[in-house]
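So the structure is just underneath, and the comments pick up after that.
The values are calculated or read from the model by the stated rules, or taken from the named source; none is laboratory data. These figures come from a predicted structure and were not determined experimentally. No Cβ is skipped: glycine too gets one built from the backbone with ideal geometry, and neighbour counts run over all protein chains shown.
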């Protein structure tokens, strides 16, 4: 059974503006850019793996929450692509869309190299660098997320909302609202609003 976000995962605008990355010296604009790049990394790898959008959404939430606990720079800083890869790995487990570890490693390595057709040798340094990173940060991520990995999905709420309003067959509306949810993953909206409220916002925009 999914759970609504606890208060520990909803933040004020001030808290987000003074995130660990910003507190460590990163500008707010650069942090926003890196957050967006990290989620885009998740999406690109997820497309190669053909995982559902709900799983990508969960990975994006894990990613955004992680960086409210640890910064991208500084002594404990962790690169956003490493955490993006780990977020996707964890989300495939949490959403029961499991992929073999090697499949995820190969996908993220291809995205990192910006070459979807790249052949990744399982004995190569690139393969093991990503595999070691994912497995290392999985434990760290679980601890920082307090093992809170069962999420409600705004996509599920949106579908329910459209059905309640008798609009589930309104394809243009559905597509616009769905696109809003996709775009919102690149931002910190999931840190400001619960998934049902995000879905309502998507419906209003649509």
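Can you confirm whether residue 57 is outside any loop (DSSP other than H, G, I, E, B) and surrounded by 19 or more Cβ atoms within 10 Å (Cβ to Cβ)? Please lay out each step first, then the result.
Numbers: outside any loop (DSSP other than H, G, I, E, B): yes; surrounded by 19 or more Cβ atoms within 10 Å (Cβ to Cβ): yes.
Yes, satisfied.
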With criteria (1) modelled with pLDDT under 95; (2) crowded, with 16+ Cβ neighbours inside 10 Å, residue 205 comes up short on (2)
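Can you tell me which of 41, 127, 63 is in contact with a helix residue (DSSP H, G or I) (Cβ under 9 Å, 6 or more places away or on another chain), free of Cβ contacts under 8 Å to residues at least 40 places away in the same chain, closer than 19 Å to residue 30 by Cβ and part of a helix (DSSP H, G or I)?
Values: 41 fails: free of Cβ contacts under 8 Å to residues at least 40 places away in the same chain; 127 fails: closer than 19 Å to residue 30 by Cβ.
Being in contact with a helix residue (DSSP H, G or I) (Cβ under 9 Å, 6 or more places away or on another chain), free of Cβ contacts under 8 Å to residues at least 40 places away in the same chain, closer than 19 Å to residue 30 by Cβ and part of a helix (DSSP H, G or I) holds for just one of 41, 127, 63, which is 63.
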- prompt: Looking at this structure, is residue 96 modelled with pLDDT under 95, under 22 Å from residue 44 (Cα atoms) and in the same structural domain as residue 22 (by TED's automatic domain parsing)?
  reply: yes
When the range 115-148 is checked residue by residue, the ones that are within 18 Å of the chain's Cα centre (by Cα), crowded, with 16+ Cβ neighbours inside 10 Å and under 18 Å from residue 41 (Cα atoms) are 130, 133, 134, 137, 138, 141
Q.
If I filter the range 185-194 for residues that are more than 22 Å from residue 17 (Cα to Cα), part of a helix (DSSP H, G or I) and out of contact with any strand residue (DSSP E or B) (no Cβ under 7 Å at 6 or more places or on another chain), do I get at least one hit?
A. no
Point to revise | Filter result for residue 180 (farther than 20 Å from residue 94 by Cβ and under 16 Å from the mean Cα position of the chain (by Cα)) | key: yes
Of the residues in the range 93-114, those that are more than 17 Å from the chain's Cα centre (by Cα) and in contact (Cβ under 8 Å) with a residue 60 or more places away in the chain come to 110
